[in-house]
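Read the structure below first, then the notes.
The values are calculated or read from the model by the stated rules, or taken from the named source; none is laboratory data. Predicted model only: the values in this text are computed from it and were never measured. Neighbour counts are summed over all protein chains in view; Cβ atoms, including those assigned to glycine, are modelled from backbone coordinates with ideal geometry. Keep in mind that these areas ignore ligands, DNA and RNA; they rest on the heavy atoms of the full protein, side chains included. Shrake-Rupley method; radii C 1.70, N 1.55, O 1.52, S 1.80 Å.
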Amino acid sequence: LGGSRAAVGLRSKSTGLPDVKERTLIAVKPDGVQRRFIGQIIQRFEQRGFKLVGLKMLQASEDLLSQHYSELRTKPFYPRLLKYMSSGPVVVMVWEGHKVVQTSRTMVGHTNPAEALAGTIRGDFSFHVSRNVIHASDSEEGAQREIQLWFKGRELLNWDCCDQSLTLA
Ligand code: ADP
């Protein structure tokens, strides 16, 4: 979707902020679902001002997970990672907004919860790297690859906020 090239200079009518259609993939991992964090995680992205354009719950297949984590396949923890990620359903989402990839990484916090700052999602909800609750794409290119992997085009919805289409009777 053009990432940082998109819509530079355009301003949202409602907020006056740069209106960039950058997208990222966020996943609530199986431990996040099991520990009932879906709502709190969604709330953080909504209150930050991002727009939810795709959402589904699924049991990820080994094939999907091996593609998602293909860059980590030589790591010693890779087999455990795939077992963890297939240990229950995940909730995958696509969020849209200005610098959403970078901002999401900041919101999610360090990979290792021991180093994640309080106030970040991992810093507030997790204590071990093998159960760190949430995934966020780490670059615009990675986000595009992951969104295509997890979602079909028709599963992503474009919508406008009601305050931009208000007609007074
Ligand atoms: P991030 O998820 O922060 O982008 P990585 O891409 O490096 O981090 O790793 C992917 C996932 O693999 C991590 O979120 C974590 O669940 C798992 N992981 C990373 N390092 C380790 C480790 N040393 N031991 C166990 N699991 C790990």
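Things to note:
- Solvent-accessible surface (1.4 angstrom probe) belonging to Trp159, in square angstrom, nearest 10: 110 Å²
- Look at the dipole of the range 20-152 built from charges on Cβ: of Gln59, Leu149, Thr120, the Cα furthest out on the positive end belongs to Gln59.
- For the residue pairs Lys51/Lys83; Lys29/Lys56; Lys51/Lys99; Lys21/Lys75, the C-alpha atoms sit more than 24 angstrom apart in Lys51/Lys83; Lys21/Lys75.
- Accessible-area value, Glu140, 1.4 Å probe, nucleic acids and ligands omitted, Å²: 60 Å²
- Surface accessible to a 1.4 Å probe, His128 within the full protein complex, Å²: 90 Å²
- Remark on Leu25: its backbone amide H falls under 5 Å from those of Ser137, a criterion applied only to residues 5 or more positions apart or on other chains, H modelled at 1.01 Å from N.
- The mean sequence distance of close C-alpha pairs (under 8 Å, at least 6 residues apart), as a share of the length of the chain, puts its relative contact order at 29 percent.
- Solvent-accessible area, 1.4 Å probe, carbon plus sulfur percent, for the chain: 53 percent
- Relative contact order [Cα under 8 Å, 6+ residues apart], the range 32-113, whole percent: 42 percent
- Cα extents of the chain along the three principal axes, largest first (Å): 58, 32, 29
- Ranking by accessible area, most exposed first, for Ile42, Ile134 with a 1.4 Å probe: Ile42, Ile134
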